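Peer 1: Before we start, here is the structure in question, set down as structure tokens.
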Amino acid sequence: MNENYKNVRQAVREEIWHNAKLIESLKHFIENDAAFYPGYGNLGDGLIALGTLDLFEDLGWSPKCIEGRSKETFSGYNYIVMGGGGGWVKGLWETYLEQTITFLQNGGQLLILPTSFFGFGSEFVPYADQVTIFCREQQSYEELLRQGMPEDRIFVCSDMAFYTKEKHFSDLEIEGEYPVLQIFRLDEEGGRKTPPRTSVDLPLLFNDVQWTSIEQCVKPLRAVAGLISQFECVETDRLHMAVLAALLGRTVRLEPSSYFKIKAIFEYTLHRFPTVSFEERGSDYTLAEQGSRAEARLLRDTVKRLNLDRQAEWEQRASVLRQNDALLLRLEKLQKKLSETSAEKDLEIKKWEDLVDRERKRRRDLTDHVTHLERDEACKRREFDEVRQELERIKSSRLHRLNERYYSIFRLPVFGFVLRVVRKIIVK
């Protein structure tokens with residue numbers, strides 16, 4: 001096995017890590033409490049997500065992941081890092097357009113990691129100051145320039161799948177026992193009208209998945225990588241099966257899909273792997289058939305979005321109903337508490353009224369007692385006055401004056417002694 005692929009793999013990882021604008025932009029969003037929106041898709045998108053999450057791990061960032069794809073998915077967020085991939089191809093993949101434009105209209109700041117763009121770009125121009133976009137190859141960069149995006153808002157960086165750490169698959173880098181594994185697309189992006197009978201479209205085993213964690217990505221990727229490692233060569237028009245096979249050191253023969261991305265990424269990054277080659281091949285589809293496939297795809301996407309919007313609406317209604325139920329329950333509890341409080345208040349009022357009544361009675365009794373005392377005092381005062389008047393009459397009588405003179409003589413030293421002796425004789 002040619003070991004040079006390991007040096008190329010490491011060199012590409014270091015180039016991504018030293019992409020100053022990419023790291024600077026990520027750090028700015030991290031500082032502003034950004035959330036991460038991982039892409040939906042098949043196992044190839046899982047490989048992109050794995051490399052992205054590996055980079056976040058090296059940056060020490062464990063972001064909150066936003067899940068869902070309705071129009072209001074980004075509501076409530078100010079800064080969002082959007083996972084890269086191929087979801088911006090006019091007439092084929094328009095997965096994130098509506099929710100993204102709604103987010104930008106609400107003033108959000110968006111960082112789009114390395115992605116391919118075809119037919120899109122003008123939609124971002126009115127919000128250019130809010131958007132930082134990384135393209136994963138040169139052709140997408142030039143497409144965005146043609147669409148009117150300013151140069152200082154768009155940059156180029158290799159696909160994040162190339163940042164996947166060696167530890168995830170190093171034990172699977174073995175000599176293949178079988179000659180060729182064919183992996184050709186069966187969806188609208190495929191270039192072959194009828195893939196070979198021996199072809200297996202492995203990524204579709206895990207399709208329409210939102211890849212949110214390293215663990216979620218690694219398990220199915222290892223299963224497919226284990227199968228790929230059994231073969232010496234992989235023939236494919238699946239970009240990320242080619243990337244995975246290149247990271248494992250397989251010989252890869254690439255064919256184009258229905259638009260430019262495979263050739264563009266081969267020319268930007270994959271051509272550096274010594275075991276990877278690209279062969280031009282015309283599409284088996286006529287222009288009319290290609291148009292019909294694109295229309296069918298758009299119709300299915302439209303129906304899917306409508307179903308998602310309807311589901312989101314029902315979920316919102318259910319949420320409102322649950323909130324109403326919670327509010328009614330809370331109201332019942334408050335009414336019960338109010339009733340209990342009212343009963344307690346009535347009891348307190350009754351106690352207070354009883355206390356007031358007792359106080360009033362006590363005051364009446366006290367008043368009556370005071371009145372009675374006042375009457376007694378008045379009566380005694382009258383009796384005292386009568387006694388005093390009687391005493392005054394006695395004091396003013398002739399007999400009293402005579403008595404006073406008698407006792408004044410009685411107290412004289414000599415004459416009084418004689419009178420006391422005479423008195424004793426008389427008394428005897």
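The values are calculated or read from the model by the stated rules, or taken from the named source; none is laboratory data. Everything numeric here is computed off the predicted structure, so don't read it as measured data. Positions of Cβ are generated from backbone atoms using ideal geometry, with glycine treated the same way; all protein chains shown enter the neighbour counts. The protein model used for the area step is the full one, side chains on, heavy atoms only, and it has no ligands, DNA or RNA in it. Shrake-Rupley method; radii C 1.70, N 1.55, O 1.52, S 1.80 Å.
Peer 1: If you go through region 174-189 one residue at a time, do you hit one that is among the charged types (D, E, K, R), out of contact with any Ser or Thr (no Cβ under 8 Å at 6 or more places or on another chain) and crowded, with 19+ Cβ neighbours inside 10 Å?
Peer 2: The answer is no, given that none of the residues of region 174-189 is among the charged types (D, E, K, R), out of contact with any Ser or Thr (no Cβ under 8 Å at 6 or more places or on another chain) and crowded, with 19+ Cβ neighbours inside 10 Å.
Peer 1: On to the next question. Residues that are open to solvent by 100 Å² or more (accessible area, probe 1.4 Å) and of a type in the set (Val, Ile, Thr): does region 361-376 have at least one?
Peer 2: Within region 361-376, none of the residues are open to solvent by 100 Å² or more (accessible area, probe 1.4 Å) and of a type in the set (Val, Ile, Thr).
Peer 1: Here's something else I'd like to know. I'd like to verify a number: residues in region 233-264 that are under 39 Å from the mean Cα position of the chain (by Cα) and basic (Lys, Arg), how many?
Peer 2: 2
Peer 1: List the number of the failed condition for Thr198; all other conditions in (1) open to solvent by less than 30 Å² (accessible area, probe 1.4 Å); (2) over 25 Å from Val12 (Cα atoms) hold.
Peer 2: (1)
Peer 1: Next question, about the same structure. Give the residues of region 109-143 that are outside any strand (DSSP E or B), of a type in the set (Gly, Ala, Ser) and either out of contact with any Leu (no Cβ under 7 Å at 6 or more places or on another chain) or over 19 Å from Ile80 (Cα atoms) (or both), sorted by residue number.
Peer 2: Gly119, Ser122, Ala128, Ser140
Peer 1: Could you please find all residues in region 112-129 being under 21 Å from Lys261 (Cβ atoms) and surrounded by fewer than 20 Cβ atoms within 10 Å (Cβ to Cβ)?
Peer 2: Phe118, Gly119, Ser122, Glu123
Peer 1: Is it the case, given these coordinates, that Thr132 is of a type outside the set (Asp, Glu), open to solvent by less than 10 Å² (accessible area, probe 1.4 Å), in contact with a strand residue (DSSP E or B) (Cβ under 7 Å, 6 or more places away or on another chain) and under 21 Å from Ser25 (Cβ atoms)?
Peer 2: no
Peer 1: Sticking with this structure for a sec: Can you name the residue in region 44-73 that is touching a strand residue (DSSP E or B) at 6+ places or on another chain (Cβ under 8 Å) and either of a type in the set (A, V, I, L, M) or part of a strand (DSSP E or B) (or both) and, of all such residues, is farthest from Ile214 (Cα to Cα)?
Peer 2: In this case the residue turns out to be Ile66.
Peer 1: Taking region 2-24 on its own, how many of its residues are in contact (Cβ under 8 Å) with a residue 60 or more places away in the chain and closer than 16 Å to Glu57 by Cα?
Peer 2: The total comes to 4.
Peer 1: Conditions: (1) of a type in the set (Phe, Trp, Tyr); (2) open to solvent by 20 Å² or more (accessible area, probe 1.4 Å); (3) in contact with a Ser or Thr (Cβ under 7 Å, 6 or more places away or on another chain). Tyr79 meets all but one. Number of the miss?
Peer 2: Tyr79 satisfies all of (1) of a type in the set (Phe, Trp, Tyr); (2) open to solvent by 20 Å² or more (accessible area, probe 1.4 Å); (3) in contact with a Ser or Thr (Cβ under 7 Å, 6 or more places away or on another chain) except (3).
Peer 1: Continuing with the same structure: Here are some conditions: (1) in a loop (DSSP other than H, G, I, E, B); (2) over 30 Å from Leu22 (Cα atoms). Ser158 meets all but one. Which one does it not meet?
Peer 2: The single condition Ser158 does not satisfy is (2).
Peer 1: Next up: Looking only at region 50-65, count every residue that is open to solvent by less than 10 Å² (accessible area, probe 1.4 Å) and either within 23 Å of Leu204 (Cα to Cα) or modelled with pLDDT under 95 (or both) and tell me the total.
Peer 2: 3
Peer 1: Consider region 83-108. How many of its residues are aliphatic (A, V, I, L, M), open to solvent by less than 10 Å² (accessible area, probe 1.4 Å) and not in a strand (DSSP E or B)?
Peer 2: The qualifying residues number 1.
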